[in-house]
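For reference, the structure is listed below as structure tokens.
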Amino acid sequence: MRLKLIYTALFIFLILPIRGCKNEVIAPSIIEYDCRKDINSTLIPGTPGIKIKSSRCSDYIFKPDKMSAAINLFVEKYSQKFDLKKIDVWNSLSDLTIEVSIIPRTVVNVYDINGKFLKKETPVSGLAFNEKLIWVEIRTSQIWSSSLIHELVHIIIWRSNGVHGDPDHEGTQFSGWNSKHTKLIKDINIELLELDI
Ligand SMILES: [Zn+2]
């Protein structure tokens with residue numbers, strides 16, 4: 001049932017152009033992906049070896065050039081916010097694999113943004129599996145509504161301490177994530193929305 005809804009939503013997004021206030025058409029940032037025709041993973045241009053792949057053989061992925069724009073914006077804003085050199089932020093993301101899918105996932109034993117531990121099966125829009133692999137759900141046809149930027153923050157934290165990506169976010173069990181990270185994610189996603197990405 002949920003799957004059917006997703007496909008219907010996707011159909012609407014793909015077939016009917018979404019009209020904004022000024023009647024402009026928002027171009028989707030996703031493309032269809034078929035493992036029988038396309039190669040296993042795609043290098044994102046303008047990044048140090050960051051790759052995108054789909055969870056399923058027949059799926060959707062974010063367009064590599066849109067991903068490149070989103071990640072470049074993230075690196076710029078992150079380095080400004082935390083007073084870091086851009087090259088150091090890039091190094092903290094190098095060779096990352098970003099797996100994406102239109103099919104949602106649920107997990108048990110996960111923390112919400114405030115650090116609250118959720119034991120029951122909980123739907124998630126993204127996951128950081130380890131310091132080299134994240135998963136991001138394609139929720140609409142645009143990157144701003146996905147958890148991409150959020151998961152990139154987990155990776156930066158993970159690679160800086162070498163042990164964990166601060167799974168409880170602003171909670172007190174793990175350290176690394178603070179309210180500045182949460183605010184930055186919100187600001188970047190608003191900017192991506194304005195850029196139609
Ligand atoms: Zn998280």
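All of the numbers you see were taken from the coordinates with simple rules; none came from a lab. Keep in mind the model is a prediction, meaning the values are calculated, not measured. Every residue, glycine as well, gets a Cβ built from its backbone with ideal geometry; the counts of neighbours run over all protein chains shown.
Collect the residues in segment 63-97 that are in contact (Cβ under 8 Å) with a residue 12 or more places away in the chain, in a helix (DSSP H, G or I) and among the aliphatic types (A, V, I, L, M), keeping them in residue-number order.
Met67, Ala69, Ala70, Ile71, Leu73, Val75, Val89
What number of residues in segment 98-125 are in a loop (DSSP other than H, G, I, E, B), in contact with a strand residue (DSSP E or B) (Cβ under 7 Å, 6 or more places away or on another chain) and within 12 Å of the ligand (Cβ to nearest atom)?
The qualifying residues number 2.
Would you tally the residues in segment 87-109 being out of contact with any Leu (no Cβ under 8 Å at 6 or more places or on another chain) and closer than 20 Å to Lys186 by Cα?
1
Please find, within segment 137-151, the residue that is nearest to the chain's Cα centre (by Cα) out of those that are over 19 Å from Val107 (Cβ atoms) and within 16 Å of the ligand (Cβ to nearest atom).
Ile149
Ala128 versus (1) farther than 16 Å from Lys53 by Cβ; (2) within 15 Å of the ligand (Cβ to nearest atom): which is the lone unmet condition?
Checking Ala128 against (1) farther than 16 Å from Lys53 by Cβ; (2) within 15 Å of the ligand (Cβ to nearest atom), the one that fails is (1).
Determine, yes or no, whether Ile156 is touching a residue at least 24 places away in the same chain (Cβ under 8 Å), closer than 19 Å to Lys51 by Cβ, within 16 Å of the ligand (Cβ to nearest atom) and assigned to a helix (DSSP H, G or I).
When the stated conditions are applied, Ile156 passes them.
Consider segment 159-191. How many of its residues are out of contact with any helix residue (DSSP H, G or I) (no Cβ under 7 Å at 6 or more places or on another chain), within 20 Å of Asn130 (Cβ to Cβ), assigned to a helix (DSSP H, G or I) and within 11 Å of the ligand (Cβ to nearest atom)?
Qualifying residue count for the region: 0.
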